[in-house]
1. Have a look at 60, 42, 105 and point out the one that is under 30 Å from residue 204 (Cα atoms) and surrounded by fewer than 14 Cβ atoms within 10 Å (Cβ to Cβ).
2. Given the residues 278, 256, which is the only one that is under 16 Å from residue 181 (Cβ atoms) and in contact (Cβ under 8 Å) with a residue 60 or more places away in the chain?
3. Kindly provide the set of residues from segment 206-229 that are touching a strand residue (DSSP E or B) at 6+ places or on another chain (Cβ under 6 Å) and modelled with pLDDT under 95, ordered by number.
4. Considering (1) surrounded by fewer than 18 Cβ atoms within 10 Å (Cβ to Cβ); (2) modelled with pLDDT of 95 or more, say which one residue 266 fails and leave the rest.
């Protein structure tokens, strides 16, 4: 597993967004202000701190507010990525992301992203805060991810006519850290496909990805008509059976359910409670890695 250290804060598992060993990049990080750069040739922008405000000095003497300095938890002060600079939307212009907050002991770094608008000669704010961003230039994908509890969640953005859309979102599921429930979308926001995939690299999931298979770990695992303990059927799988995982749902009580397909004497598609895949000594979910 590769880890990236940002000035004393270790971000484990950022390599989960790589399509291959060197496919993704992390934006350039800067620990202190002021910072000056050229978003396009011939234009210079200076970003600085005044009291608790972060300001961008624009061409023509104009000033644009980029929010306030973040509250950094004690023990996480040495963060090299107070400001990130890169072409986040792959339009050939230089954008910036300003640290908005720190979470989960420094694992999650949240940013306000500002994209340079060449015509307006100022920044446009991105639609929402992003976390732990990485860039995959081959597919022009902005990937973000964050940890909540033992699980990782990712969102991938692509751009059409310079406007962002979510092309993929994933959530780590199960107990072993290698299953992700994924939803793929088209530029209009239509759901194209959802599946449970086995991977250490959720951003590699696409429409060609095959659904995962998982071995039953208990002696007898009942099947259900729906993800509800009250919908039990007379059918069951046994230890060693390896059904295909088609869909996923987490109930309010925290129980995990998988829609499975299994071919025995006949082909069945039913719901199976997630604990059927967990042995008594099942390991805790691991951080994503290559």
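The values are calculated or read from the model by the stated rules, or taken from the named source; none is laboratory data. No experiment lies behind these values; they were computed from the predicted model shown. We place every Cβ from the backbone using ideal geometry, glycine too, and count neighbours over all the protein chains shown.
1. None of the others qualify; the one that does is 105.
2. 256
3. 207
4. (2)
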